[in-house]
1. Does residue 384 fit the bill of being in contact with a helix residue (DSSP H, G or I) (Cβ under 9 Å, 6 or more places away or on another chain), open to solvent by less than 70 Å² (accessible area, probe 1.4 Å) and either among the small types (Gly, Ala, Ser) or at pLDDT 95 or above (or both)?
2. Please enumerate the residues belonging to region 91-132 that are outside any helix (DSSP H, G or I) and either touching a strand residue (DSSP E or B) at 6+ places or on another chain (Cβ under 6 Å) or among the acidic types (Asp, Glu) (or both).
3. Could you figure out which of (1) open to solvent by 30 Å² or more (accessible area, probe 1.4 Å); (2) touching a helix residue (DSSP H, G or I) at 6+ places or on another chain (Cβ under 8 Å); (3) in contact (Cβ under 8 Å) with a residue 12 or more places away in the chain isn't true of residue 160?
4. Note down all Cβ pairs under 9 Å where the first residue falls in region 30-42 and is closer than 16 Å to residue 55 by Cβ, the second is basic (Lys, Arg) and part of a helix (DSSP H, G or I), and they're at least six residues apart or on different chains.
5. Which pairs have Cβ atoms under 7 Å, sit 6 or more apart or on different chains, and link a residue in region 63-89 that is farther than 17 Å from residue 41 by Cβ to one that is open to solvent by 40 Å² or more (accessible area, probe 1.4 Å)?
6. Quick one: is residue 356 open to solvent by 20 Å² or more (accessible area, probe 1.4 Å), assigned to a helix (DSSP H, G or I) and under 30 Å from residue 230 (Cα atoms)?
7. Among the residues in region 69-78, are any modelled with pLDDT of 95 or more and part of a loop (DSSP other than H, G, I, E, B)?
8. Let me spell it out: the conditions are (1) more than 25 Å from residue 187 (Cβ to Cβ); (2) open to solvent by 60 Å² or more (accessible area, probe 1.4 Å); (3) not basic (Lys, Arg), and residue 117 meets all of them except one. Which number is the exception?
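The values are calculated or read from the model by the stated rules, or taken from the named source; none is laboratory data. Worth saying up front: this structure is predicted, and the values here are computed from it rather than measured. Ideal geometry is used to build each Cβ from the backbone, glycine not excepted, and the neighbour counts take in all protein chains shown. In case anyone asks, the SASA skips ligands and DNA or RNA and just uses the protein heavy atoms, side chains included. Shrake-Rupley method; radii C 1.70, N 1.55, O 1.52, S 1.80 Å.
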Amino acid sequence: LVDRYGPGTPVKFDLLDRTLYQIVRANIEAEDFGGARKGLERLLADFPKSDLSDDCQFVFSQALLNHGKPREAREAALDFQKRFPESPLRPDAELVLARSYVRETNWAAATGELEGWVVRHSNHVARAQAEFDRAHVNYLAGKETNALPLYTNFVMNFPGSPLAPLAQLWVADYYYNQGDNFQAGMHYQMLDESTNTAVGELRFRGRLGAAQAALLRGSAPTARRYLTNLVNDQSCPQSLLADAYYVLGEVEMADVPASGSTNNLGRFPTAIKAFSAITNLPAAGRMEALAKGRIGECHYQYAGQTKDPKRYVQATNEWHQVLTNSLASVAARSQAEFGIAKVYERQAENLEATEQKQVLELAWNRYLNIVYGNGLGTEKPDPYWVKEAGLAAGQLAVRLL
């Protein structure tokens, strides 16, 4: 159609600019950017004042960015600004320019473009997205102290934005990672109680985070309340249940003795129940190994307080399952190996000298497995457990001399 009708015919002005526009769009969908560029160049040359020309160039620049061509997208966006300085699409083209720098991890340039954009277009419909991008770029650049007020202000200034829950989660995670569990808990709770329709599954992330923060600041009852509510909520995502049960188990293990008692043995069966719930989930994955490790620790501590030797056997059974779990991390397997060594030491306490030495040597070898990374292959040893096992092996070696 474009080739058949040349200059001077009525159809040129009525249809050909739209036809060229559709040629560009079709080539973009086919990921033929060479063909799209040729169609755009012809549209700009033959119809520079068409209402479709600026839209077509913007669509082309955006498509280049979306398909991983940031340099070409930036060139198209800069050319757009020269050709169409008064276009209502200019702010959108400027955002393409800024995001092209993001794709190239040029944080300084991206930050500069975004900061200038929010000043020039303070009332633009895309301001919320630009403000969120500005905060996110500072975070990606490693400038978390700069990102914090930007995310915090975003939540205050754009509470109804679909991005507000993400910003709220970032703020809560920031305080959590900084060890400020009071502020973290407050922001996680705000996420859980959000009325933003876009909060979705992030509400449950907030509830879980609030429980973790409460546990770390020593408020086990508060943490238990959040977690009980979470695991009993039928709409809770399955992907969060394992984490929720794990933290609930930790809450039970950390709970203070009731009524001034020096022991609270009931917490161990309750913790085991929570950790065991993870092993019954259809896709527990790596969490199953972690849960088995903590169940072993519960039995070990329970045995120490009740002097029940059967609990030591149950502890080692759980830890052996961790050692044979293909999804278990090096840290989880090292912890299980360490636990088995501890059981050997406890079991040796009531043996005669000769048998005692044999059992202690078994413990010593278990510690050395961790120290020397036996059986790890190409995996790297976990530094924390290497240290703990090294100290334990050294103390045990003195007894064996």
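1. no
2. Within region 91-132, 104 is the sole residue that qualifies.
3. (2)
4. Hits for this filter: 36/25; 39/25.
5. 65/99; 65/103; 67/31; 70/103; 70/104; 81/90; 89/55
6. no
7. Yes, region 69-78 has at least one match.
8. For residue 117, the exception is condition (2).
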